[in-house]
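The values are calculated or read from the model by the stated rules, or taken from the named source; none is laboratory data. Being a predicted model, the structure only gives us computed values, none of them experimental. Counting neighbours? That spans all protein chains shown, and the Cβs are built from the backbone with ideal geometry, glycine included. Please note that ligands, DNA and RNA were not included when accessible areas were found on the heavy atoms of the full protein model with its side chains. Shrake-Rupley method; radii C 1.70, N 1.55, O 1.52, S 1.80 Å.
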Amino acid sequence: MNRFPLAGITVADFTWIGAGSYTTKILADFGADVIKIESAERLDTLRDAKPFQGGVRGVNRSGYFADRNSSKRSVTLNMKTEEGRALARRLIERSDVVANNFTPGTMEKFGLGHEAVRAFKPDAIYIGMSMHGQVGPESRYLGYGLTMGAVTGLHQLCGRPELDPAGTGTNFPDHVPNPAHAAFAILAALRHRRRTGQGQFIDVAQIEPTIALLGPAVMDYTANGHVAGRVGNQHIAGAPHGVYPSRGEDRWIAISASSEVAWQALLHVLGDPALEQDVRFAGMAGRWEHRAALDEALARSTVLHDALELAQRLQQRGVAAGPVQDAADVLQRDPQLQAREHWVYLDHPEMGRTVYNGLPFKMSRTPGFPHRPAPLLGQHTDEVLKEKLELAAAEIVALRAQGALQ
């Protein structure tokens, strides 16, 4: 059984920061030889992003960078030199996929835009992942997850109604919609090439996978002319649906029980006479109309219970519920993630034994998994040049002396 279905595929990876790095991480964890082409002068921003192992700052000590770059190899080239650019071209010639998430025009400055690459590598799968895509009046605009969430309307839907748009607390588009869509597109293009021998250019405008998350809001405006706004933890069609305090300091539980069956089960588990006797909550329509009062009443009851125990009891009665977990809970105490062996531990040359997210799905025949720790900066430069370009040690020494390698 081949556990790595992308073994034999080589990726020339010019991506950095979030969405691009996560896209190529997926390919690497499935066995592709992802060669991360870096610069020692202009670091991938994530190499200098917290948290740092042991609280000690360093280009090889970022946990954020590590998790987004598992299973890859790192080569450091000086792309300001002709020799460095020539090495990049030669690596691309020996690759199946070329990936970048720069603003349009950046790769062209190095002579490595799609048209230039197609001239010497016509069967390459070339993917660009800029914020707005390759064409259009805003194609050259800079963008990160925060701005993508803003311009797509995601932030307008996030937060409590009485407060300002809250965003998601992180660069949500970088971690979920964009890498998933981009990796799928690459796999589809590889399949097309296998059948036809033809390369392909993939233009991912990172705002567009994010917009795909907003289907209900778009349809609401299309059908009803209604512009959806922030509803916090509420659901537009039922109550109770929210996050409620539980026993302990800053401990919470999420509960959704909008159907009559779920509501009766919730009442049974909580055993709160005040909830049962309040006529405002007697029917689904009443609970929705008086949802603010309902949330206050539920909070007075749930705060008496341990979140994990209450969630388990509610789930046993068919009520959707879950404790609001922090990072320690998710990593160390979540029984489901432990049972699915989600976390992978690898020995990093500088950080020691570190934890990595496993792939977010399980495949029975070709599972794939993080199998190599994130690379040190330039760790594999000599190795890759010898293996991929068949350069002798003396040639590598000369290139380093010329400033082509960093």
* Restricting to the stretch 54-68, what's the tally of residues that are part of a helix (DSSP H, G or I) and closer than 17 Å to ARG372 by Cβ? -> 5
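So is LEU391 within 23 Å of GLY58 (Cα to Cα) and assigned to a loop (DSSP other than H, G, I, E, B) or not? Reasoning before the result, please.
Numbers: within 23 Å of GLY58 (Cα to Cα): no; assigned to a loop (DSSP other than H, G, I, E, B): yes.
Criteria not met by LEU391.
Quickly run through the stretch 32-47 and pick out the residues that are part of a loop (DSSP other than H, G, I, E, B) and either open to solvent by 20 Å² or more (accessible area, probe 1.4 Å) or touching a residue at least 60 places away in the same chain (Cβ under 8 Å) (or both). Let's see the steps before the verdict.
If we filter the stretch 32-47 for residues that are part of a loop (DSSP other than H, G, I, E, B), which is where we start, we get 32, 39-44.
Of everything in the stretch 32-47, those that are part of a loop (DSSP other than H, G, I, E, B) and either open to solvent by 20 Å² or more (accessible area, probe 1.4 Å) or touching a residue at least 60 places away in the same chain (Cβ under 8 Å) (or both) turn out to be ALA32, SER39, ALA40, GLU41, ARG42, LEU43.
Identify, from the list VAL261, VAL303, the residue that is open to solvent by less than 70 Å² (accessible area, probe 1.4 Å), out of contact with any helix residue (DSSP H, G or I) (no Cβ under 9 Å at 6 or more places or on another chain) and either over 30 Å from ALA217 (Cβ atoms) or modelled with pLDDT of 95 or more (or both).
Numbers: VAL261 fails: open to solvent by less than 70 Å² (accessible area, probe 1.4 Å).
After applying the criteria, what remains is VAL303.
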* To do: Name the helices (runs of 4 or more DSSP H) wholly inside the stretch 70-182 in which the number of residues that are within 19 Å of the chain's Cα centre (by Cα) and either surrounded by 15 or more Cβ atoms within 10 Å (Cβ to Cβ) or not basic (Lys, Arg) (or both) is 3 or more.
  => 145-151, 172-175
* Structure fact -> Checked against (1) in a helix (DSSP H, G or I); (2) crowded, with 18+ Cβ neighbours inside 10 Å, ALA292 satisfies every condition except (2)
* Report yes if some residue within the stretch 48-69 is surrounded by fewer than 24 Cβ atoms within 10 Å (Cβ to Cβ) and either polar (S, T, N, Q) or in contact with a Cys (Cβ under 8 Å, 6 or more places away or on another chain) (or both); otherwise report no. => yes
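Let's see how each residue does on (1) within 22 Å of the chain's Cα centre (by Cα); (2) open to solvent by 90 Å² or more (accessible area, probe 1.4 Å); (3) farther than 26 Å from ASN2 by Cα; (4) without any contact (Cβ under 8 Å) to a residue 40 or more places away in the chain:
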| position | (1), (2), (3), (4) |
| --- | --- |
| GLN332 | yes, yes, yes, yes |
| ALA339 | no, no, no, yes |
| HIS342 | yes, no, no, yes |
| LYS362 | yes, yes, no, yes |
| ALA374 | yes, no, no, no |
| LEU399 | no, no, yes, no |
